1. Got at least one residue in the range 84-101 being at pLDDT below 70, part of a helix (DSSP H, G or I), of a type in the set (A, V, I, L, M, F, W, C) and surrounded by 12 or more Cβ atoms within 10 Å (Cβ to Cβ)?
2. Farther than 30 Å from I244 by Cβ and at pLDDT below 85, is that true of G433?
3. Looking at this structure, is R307 at pLDDT below 70 and of a type in the set (D, E, K, R)?
4. Considering only the range 210-225, state which residues are modelled with pLDDT of 80 or more, assigned to a helix (DSSP H, G or I) and loosely packed, with under 12 Cβ neighbours inside 10 Å.
5. Kindly list the number of the only condition in (1) surrounded by 12 or more Cβ atoms within 10 Å (Cβ to Cβ); (2) modelled with pLDDT of 70 or more; (3) outside any helix (DSSP H, G or I) that fails for V376.
6. Would you be able to say whether some residue in the range 152-162 is within 26 Å of P42 (Cα to Cα) and under 31 Å from the mean Cα position of the chain (by Cα)?
7. Only one of these is modelled with pLDDT under 80 and either among the aromatic types (F, W, Y) or not in a loop (DSSP other than H, G, I, E, B) (or both): L385, L417. Name it.
8. Does at least one position in the range 209-218 carry a residue that is without any contact (Cβ under 8 Å) to a residue 12 or more places away in the chain and within 20 Å of L24 (Cβ to Cβ)?
Amino acid sequence: MRDDAARQGGIRRLAGRIGLSGRLLLLTVVFVLIAEVLIYVPSVASYRRAWLSDRVAAAQVAALVLDAAPQQRVSDDLARRLLMGVGAQAIALKAGGARRLLNLTPMPPEVGETVDLRGAGWFEGIGGAWRTLTRASPLPLRVIGHGMEGVDFVELVLDPAPLRHAMIAFSGRILAASLVISGITAGLVFLVLQLSIVRPVRRLARNIASFAEDPEDLSRRISPSWRSDEIGAAETALARMETILSGELRQKRRLADLGLSVSKINHELRNLLTTAQLLVDRLEHVADPGVQRVAPRLVATLGRAIRYCEGTLAYGRAAEPPAQRRPTPLRPILRDALDLAGLAPGAAITIADRTPEGLTVDADPDQLSRVLVNLVRNAVQAIGLAGSGDGPPVVAIEAGRTGATVTILVSDNGPGLPERARAHLFEAFQGSGRSGGTGLGLAIAAELVRLNGGTLSLDETRSGARFRIVLTDREA
C-alpha cells in the first residue's frame, strides 16, 4: 500500500514538473501518432494490393509475349527473363477455356497463402497485410488477378519475401514521415496552445496569487484582454469578482473599525445613562403630580436604553442573547414601542392600533419591542420623506391569533419599497429603502424575530409596505 502511495505521489510530482504545456505537447504527439496509425493500417494494405497488382499486370505482359511466340513456345532463357521480370516462379493464364503455363520448375505442391485480387475487400486486405508483415513464410504465395484482351484471369506463384521486404521498407518510410509530421504538428500545436491557452492561464494564476496577497488593493485587479472566448469571459468574471470582493473587504474593514468605535462610544454612553438613571430615580420622590406621572416611564425608558447599550456591546462581541420567551400581553409592548418610535404629540401621521385587547404572544418582550420600534419607525420615516400614496398618512398595526400562531402586521400607505431594497431587504447595509439609510433596522428585526422562533417577511401590496411577523407558541 505504501509502495502504491509512493508511486502515485511520484506520478503527481512528475505531472507537476511537466506542467500544462508539457502535457499538452505530450498529448498532441500521442494523438498525432494515433492518427498516423489509423492512416498507416489501410495504407499498408493498399500498398500490398498495389504491389501484387503490378505483378499481375507484368504477368499479363509476359503472357502477351508468350502469345506472340511461334507455336506459343519460348526458349528457356526468354522464359527465365520473363519470370525474373515479373518476379514470379510460375505464370498461368486462362483464355477461352484453354490454360497456359509459363514456368521453369515444377509447380510447388503447396502454397502458404492464396490472394485473389478479383474480390478481396478492405478488411481481408488489412488481414493479409498483417500476416505478411508478421510472418516470414517459406512457402510461395499464389496470386490471382483479372485478365485482359480475352484472358479470363492471370495466376502467378511468387516468393513472398520481396513483398514482405517492400512492405517493411514502406512502413519505415511511413514511420519516418509520421515522426516528422508529428514533430511539426506538435510544435505548431504547442506554440498555438502556449500563446492562446497556457500563457493566459498562467496570467490568471499569477493575478489570483497577487490579488490574494492584498485583496483590498484594486491595482492588483486583472485587466481583461480583448478576447471574446472562454478565457476572455473568465478574465472578465475574475475582474468583476475581484472588484466586488475588494469593495466588500474594504466595507468589512470599515465596519470592523466602526464597530470598535461604536463599542467604545456605547460603553461610555451606558455609563452616562446609568448616571442619568440614578438621578431620575430621585425624581420619584418629588411630590409634583406631573413629575410623578412621567418619572416611572422615564426610568423605564432609561433602563431599556441601558439594556440596549449592554446588548449592543454583547452583539459586538458575539451575537444577540438568547430570547427569554414568555407569554406577554401585546398591547403594553406596542404602546411602549410607539413611544420609543419617536412620534411627537400631534404628529400628522396617524398610528392605528388595531390589535385586540388581551392578545398575548409567546416572545421576549424587550426583543419584540425592538422589532416593533424598528418597523414603526421605518414606516414613519418613509411617509415623512415621500408622503403617503393614498389618503392621509397612516401606520396600522394589526394582530390576531390562529391556534398556536400569532400574526402581527405593520403596514403603511407610504411609497413602498424600491426593487433594489426588496432584493436585499433583510441584509445589513444592503436593504435600506431611503437615501443615507443603513438597512440595519430590518436586519436586526429579522434576527430578533428568528431568535423568538418566528419569521419576518414583506407582503406583496399594491401600495405602501406591509411587514408580517409570525410567532408560534412553544410546545408545552
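1. Taking every residue of the range 84-101 in turn, at least one turns out to be at pLDDT below 70, part of a helix (DSSP H, G or I), of a type in the set (A, V, I, L, M, F, W, C) and surrounded by 12 or more Cβ atoms within 10 Å (Cβ to Cβ).
2. no
3. In short, yes.
4. A212, E213
5. Against the list (1) surrounded by 12 or more Cβ atoms within 10 Å (Cβ to Cβ); (2) modelled with pLDDT of 70 or more; (3) outside any helix (DSSP H, G or I), V376 comes up short only on (3).
6. no
7. Residue meeting the stated conditions: L385.
8. No: zero hits.
The values are calculated or read from the model by the stated rules, or taken from the named source; none is laboratory data. Computed from a predicted structure; not experimentally measured. Heads up, the Cβs are rebuilt from the backbone with ideal geometry, glycines too, and the neighbour counts pull from every protein chain shown.
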